[in-house]
1. Over 5 Å intervals from 0, what percent of Cα-Cα pairs in the chain sits in each interval?
2. Give me Thr116, Thr41, Thr182 sorted ascending by neighbouring Cβ count inside 10 Å, so fewest comes first.
3. If you take the beta carbon distance between Thr182 and Thr92 as r and set R0 to 41 Å, what does 1/(1 + (r/R0)^6) give as a FRET efficiency, to the nearest 0.05?
4. For the range 192-197, take each phi angle, set θ = phi - 60°, evaluate the Karplus expression 6.51 cos²θ - 1.76 cosθ + 1.60, and give the result in whole Hz per residue in order, putting x for glycine and proline.
5. Would you please give the residues with an amide H less than 5 Å from that of Lys67, counting only those at least 5 places away or on a separate chain, with H modeled from the backbone geometry?
6. Using helices alone, I'd like the mean residue ellipticity at 222 nm for the chain: each DSSP H run of four-plus residues gives -39500 (n - 2.57), total over residue count, nearest 500.
7. Let me know the charge dipole size of the chain about its Cα centre in debye, to the nearest 20, where only the beta-carbon of Lys, Arg (+1) and Asp, Glu (-1) is charged.
8. Gain in length, Asn80 to Asn225, computed as 0.36 nm per residue apart minus the alpha-carbon separation, to one decimal in nm?
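A short reminder: the numbers here are calculations on the coordinates, not readings from a lab. Because the structure is a prediction, the values reported are computed rather than measured. We place every Cβ from the backbone using ideal geometry, glycine too, and count neighbours over all the protein chains shown.
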Amino acid sequence: MKKLLFLAAIIFSASSLMAQTEVIAHRGFHAKQGANSANNTISALQHAQDLGVYGSEVDINETKDGKLVAVHGPNHQNYNVQNTDFAVLRATPVHNGEKLPTLEEYLLQAKKSKKTKLIIEIKSHNTPERETRVVKKILDEVKRLKMTKHVEYIAFSKHVCDEVVKYAPKKTKIAYLNGDLTPQQCKENGYTGIDYNFGTMKKHPEWIQQSHDLGLTVNIWTVNNTNDLQWCIDNKADYITTDNPIEANRLLGK
């Protein structure tokens, strides 16, 4: 009997650990104290990896001449990213002096950590045709570098999400960001999760349980305030995207 109780305790402990909220660094851990980093830079990804968080989010845009780059956009310095050639953007450093990184460079750095996944936000582009091309190019690059199991995807564009569902390998994780679809609609579209902002989730806390009942994951962004982080944890969000992963980890006892 004691052995059975001990085994049950181990199983319960393991399941509780698996269910714990995970932390995703928003555009990398760019706000690391004392570090000269910036959004979506290689150093921001390195800091997230050093911290050991579940994931590091990065924004991917396509330049005018078809290069995939890590930048939030729509502008890099004074240039519109999607309407400017890569060479021009590359010659203009990020504010901390780093070069604007390519998707390939980001993936190669991501490959150095077995723990921290890369959460690629595929940015919206000006036509459905271009979005489809960008999705295919990103998936091909991830496959070429053998990172398929280490990368997850998010997007505001429903068309982008639909194309990831269509072209990505089975079991690829894709979550919708825009906040205007119910969990049931996301499930019907083939998405694996919802990834909605904190304000939306505060209005619809029932979507967390509904998502879980449907087998969907729940991420909430971009949560930095201690009370808001605690709300996400208390309401059993699967992931929190934050600029403050240190505080999120503290609240989670990590």
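1. Over the chain, the share of Cα pairs per 5 Å bin runs 1, 6, 13, 16, 19, 17, 13, 7, 4, 2, 1, 1, 0, 0, 0 percent.
2. Details: Thr116 25, Thr41 28, Thr182 15.
Going from least to most buried by this count: Thr182, Thr116, Thr41.
3. On the way: r = 42 Å, r/R0 = 1.02.
Efficiency, rounded to the nearest 0.05: 0.45.
4. With coefficients 6.51, -1.76 and 1.60, one gets 9, x, 9, 9, 10, 6 Hz.
5. So Lys67 has HN proximity to Phe86.
6. On the way: 11 runs with 103 residues, N = 254.
For the chain, the value works out to -11500 deg cm²/dmol.
7. Working: 33 positive and 28 negative charges, 197 e Å.
Value, rounded to 20: 940 debye.
8. Working: separation 145, 0.36 × 145 = 52.20 nm, distance 3.13 nm.
Length gained between Asn80 and Asn225: 49.1 nm.
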